[in-house]
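A.B. asks: Right, I'll just put the structure down here and ask away after.
Where a number appears in this text, it was derived from the coordinates with a stated rule and is not lab data. Source: prediction; values computed, not measured. Methodologically, a virtual Cβ is constructed for each residue, glycine included, from the backbone with ideal geometry; neighbour enumeration extends over all protein chains shown.
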Amino acid sequence: MTTRTYNFSAGPATLPVSVLEKIQSEMLCLPGVGASILEISHRSPPFIEIANAAEANLRHLLGISDDYSVIFLQGGSRLQFSMVPMNLITDEAKSADYILTGSWGKNAADEAKKEGGVRVAWDCKATNYDRLPADSDLDLDPKAAFVHYTSNETIQGVQFKTEPKTGNVPLVCDASSEFLYKPLDIAKYGMIYACAQKNAGPAGVTVVIMRKDLLERSSDKLPGYLNYKLHAENDSMWNTPPTFAIYVLKLITDWLKDDIGGLEKMYEHNKKKAAVLYDLLDAHPDFYQGHAQKDCRSLMNVTFRLPSDELTSKFLKGADAANLSDLKGHRSVGGIRASIYNAMPMAGVEALRDYMKDFVAKQ
Ligand SMILES: *Cc1c(COP(=O)(O)O)cnc(C)c1O
């Protein structure tokens, strides 16, 4: 197969074609360097320039102030599930609050339990994670070490529109599957982390944005790699960082800045794309049954079920034949999941909408 499909994978996910072309054109030799990005030292001036540009792009796009460190790590968001409580739970603040709005939030809390006290501030497992809490629903401990939440639950397709209010307790956000989809008010957060392979690049790098005062909580007794303060003090070069993934992150953030025109524009575009699919679900509510309640639908992962497993298989087979790939939902929700991250073009979303329209008309 040599033609690209419209790839609705939840992650690793589709990347902008212009970025892939740029990687291809520079693969044998980075301009002026005489070697590929895969072959140069992380301490060489050309790589340091790339890493600094990636950080500067993130600071520019999200308006990150000097009160925050930006750290590039490996180990994916799963490692953050452990590093967050290891570093931020202390002898003074012995337990953390977790808001469970889907599978990833639950996984984060399960890992945190191994490191310290965990209180569940809210959990909607009973309705298979199809909704989000109002601030008044949250059972928060004012002495908690932090409050953790998952801004977009990739599997269930529920997404917060605004941050939960946590008073003086630092808010920690797993933003893995929505990172850079819209502007954020960083000052509301103690920390944000996101693995890159959903919306910001390839697998291999995880971005951590952390308020600098929180770095003081990291104990010297932690293994070096698991200590945020050490990474921040060493500009993410305490050990060899994932150089290729950081290079692609730099290209993706260039694309957001220069081709898209910033995160406000990206957000407008993402709202339009998601509306194309949700409008179709709403036009056929008996056939395409959305998983998320309407007011918490994700702009990134559109989840829905068909009336039977037979129809779901038929839908997926036909979609593959129409070059619409990776639409199978996660087994815990079933049905279909269309992941339409930043890099999914409107043409891909419209092709899926037309296929869905056709499919329902034929039943
Ligand atoms: C994908 C994902 C993760 C896990 O990321 P890994 O890089 O595989 O560890 C965690 N949280 C959310 C919200 C995700 O979408």
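A.B. asks: Name the residue from Phe315, Ala10, Phe146 whose Cα lies farthest towards the positive end of the charge dipole of the chain, charges +1 on Cβ of Lys and Arg and -1 on Cβ of Asp and Glu.
C.D. replies: Of the options given, the answer is Phe315.
A.B. asks: Same structure again: Which residue, Leu299, Leu316, Leu61, tops the fluctuation ranking in a GNM of the chain built on C-alpha contacts under 10 Å?
C.D. replies: Largest GNM mean-square fluctuation: Leu316.
A.B. asks: Please check: in the Gaussian network model of the chain (C-alpha springs, under 10 Å), which one of Asn301, Asn168, Asn270 has the largest mean-square fluctuation.
C.D. replies: Checking each option, the largest mean-square fluctuation is seen for Asn168.
A.B. asks: Right, another one. What's the center-to-center distance, using Cα atoms, between segment 287-311 and segment 58-124 in Å?
C.D. replies: Between the Cα centre of segment 287-311 and that of segment 58-124, the gap is 28 Å.
A.B. asks: Next question, about the same structure. Suppose we keep just the DSSP beta bridges with both residues in the chain; what percent of those would be antiparallel, to 5?
C.D. replies: Counting DSSP beta bridges with both partners in the chain, the antiparallel share is about 55 percent.
A.B. asks: What percent antiparallel are the DSSP beta bridges of segment 158-304, to the nearest 5?
C.D. replies: So the antiparallel bridges in segment 158-304 amount to around 70 percent.
A.B. asks: Could you give the distance between the Cα centres of segment 148-178 and segment 1-36, to the whole Å?
C.D. replies: That distance is 30 Å.
A.B. asks: Report the calculated FRET efficiency for Lys161 and Ala126 (r = Cβ-Cβ distance, R0 = 35 Å), to the nearest 0.05.
C.D. replies: E(calc), rounded to 0.05, equals 0.95.
A.B. asks: Looking at the square roots a ≥ b ≥ c of the eigenvalues of the Cα gyration tensor of segment 275-363, which shape do they give, rounded for a/c under 1.5, prolate if a/b is larger than b/c, or oblate? Each step should come with its number before you reach the end.
C.D. replies: Numbers: a/c = 1.27, a/b = 1.07, b/c = 1.18.
Cα axes put segment 275-363 in the rounded bin.
A.B. asks: Another question, if that's okay. Build a GNM of the chain with springs between Cα atoms under 10 Å: which of Ile40, Ile89, Ile99 gets the top mean-square fluctuation?
C.D. replies: Ile40
A.B. asks: What do you get when you divide the Cα radius of gyration of segment 212-363 by 2.2 N^0.38 Å, with N the number of residues? Mind showing how you got there, number by number?
C.D. replies: Details: Rg = 20.9 Å, N = 152, 2.2 N^0.38 = 14.8 Å.
Taking the Cα Rg and dividing by 2.2 N^0.38 Å, one obtains 1.41.
A.B. asks: A further question on this structure: Compute the Cα gyration tensor for segment 21-92, then decide on rounded, prolate or oblate, letting a ≥ b ≥ c be the square roots of its eigenvalues: rounded whenever a/c is under 1.5, prolate when a/b is larger than b/c in the other cases, and oblate in all that remain.
C.D. replies: Cα axes put segment 21-92 in the prolate bin.
A.B. asks: Can you pull the semi-axes for the chain, root of five times each eigenvalue of the Cα gyration tensor, sorted largest first, whole Å?
C.D. replies: Over the Cα atoms of the chain, the ellipsoid semi-axes are 33, 28, 16 Å.
A.B. asks: Kindly provide the helix-only [θ] at 222 nm of the chain, computed as the sum of -39,500 (n - 2.57) over DSSP H runs of four or more divided by all residues, to the nearest 500 deg cm²/dmol?
C.D. replies: Calculated mean residue ellipticity at 222 nm is -10500 deg cm²/dmol.
A.B. asks: Also, I was wondering about something else. Pull out a ≥ b ≥ c, the square roots of the eigenvalues of the alpha-carbon gyration tensor of segment 110-260, then state rounded if a/c is under 1.5, prolate if not and a/b is larger than b/c, and oblate in the remaining case.
C.D. replies: Note, shape of segment 110-260 comes out oblate.
A.B. asks: Which whole-number percent gives the relative contact order of the chain, counting Cα pairs below 8 Å spaced six or more residues apart?
C.D. replies: 23
A.B. asks: Projected onto the charge dipole of the chain (+1 at Lys/Arg Cβ, -1 at Asp/Glu Cβ, origin at the Cα centre), which of Ile48, Leu352, Asn199 gives the Cα projection farthest towards the positive end?
C.D. replies: Leu352
A.B. asks: Then there is this: Work out the FRET efficiency for His284 and Asp185 from their Cβ-Cβ distance, taking R0 = 51 Å, and round it to the nearest 0.05.
C.D. replies: Computed FRET efficiency for His284 and Asp185: 0.85.
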